[in-house]
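> Let me begin by handing over the structure; questions about it come next.
Taken together, the values in this text are just the output of simple stated rules run on the coordinates, not laboratory data. This one's a predicted model, so the numbers in the text were calculated from it and none came from an experiment. Using ideal geometry, Cβ is built from the backbone for each residue, glycine included, and neighbour counts are taken over all protein chains shown.
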Amino acid sequence: MPLTPEQVRHIGHLARLALTEEEVLAYTGQVSEILEYAQILSRLDTDSIPPTASVIPQRGVMRDDVVEPSLSQEEALANAPHASDGYFVVDAILEGE
């Protein structure tokens, strides 16, 4: 099912693309070939193939969440340029604050 140049212009308009006439002609053939290939693939019998989220076996890459010793609040704030009531004090980055 080949596309017409008008259909390619319409798709370009929907995608907010300013296509030149050369691009319209080039994309008309290219997109038509892609759609023809998709039609061939849609005819394949995939009923016996289970749905697959990934063809690569998945494994957990996160370590177990284990409580370990960490810095105290005082140690964490020791080198802070500005601290107040146990928190870092930073300049506002948004206007009006």
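> Any idea what angle helix 5-14 forms with the longest principal axis of the chain, computed on alpha-carbon atoms, 0 to 90 degrees, nearest 10?
Orientation of helix 5-14: about 20 degrees from the principal axis.
> Taking amide H positions as placed 1.01 Å from N in the peptide plane, with prolines and chain starts having none, which residues 5 or more places from Ala83, or on another chain, fall under 5 Å of its amide H?
Val89
> Report the gain in length on full extension from Val90 to Ala26: 0.36 nm times residue separation, minus Cα-Cα distance, nm rounded to one decimal.
Numbers: separation 64, 0.36 × 64 = 23.04 nm, distance 5.41 nm.
Difference between extended and current length: 17.6 nm.
> Something else: What nm value, rounded to one decimal, do you get for the distance between Ala76 and Arg63 when each label is placed 7 Å out toward the C-beta?
Inter-label distance under the simple model: 1.8 nm.
> Give me the angle, in degrees from 0 to 90, between the Cα long axis of helix 21-42 and the longest principal axis of the Cα atoms of the chain, rounded to the nearest 10.
So the helix axis and the longest Cα principal axis differ by about 90 degrees.
> With labels modelled as points extended 7 Å from the Cα through the Cβ direction, what inter-label distance (nm, one decimal) is found for Thr4 paired with Ile56?
4.4
> In addition: Using a/c under 1.5 as the rounded threshold, could you call the chain rounded, prolate or oblate? The axes a ≥ b ≥ c are square roots of the C-alpha gyration tensor eigenvalues, and prolate needs a/b larger than b/c, oblate otherwise.
Details: a/c = 6.09, a/b = 1.86, b/c = 3.28.
Oblate, because a/c is 1.5 or more while a/b does not exceed b/c.
> Got a sec? How would Arg9, Arg43 order by Cβ neighbour count within 10 Å, fewest to most? Don't skip to the end; give the middle numbers.
On the way: Arg9 17, Arg43 6.
Result, fewest neighbours first: Arg43, Arg9.
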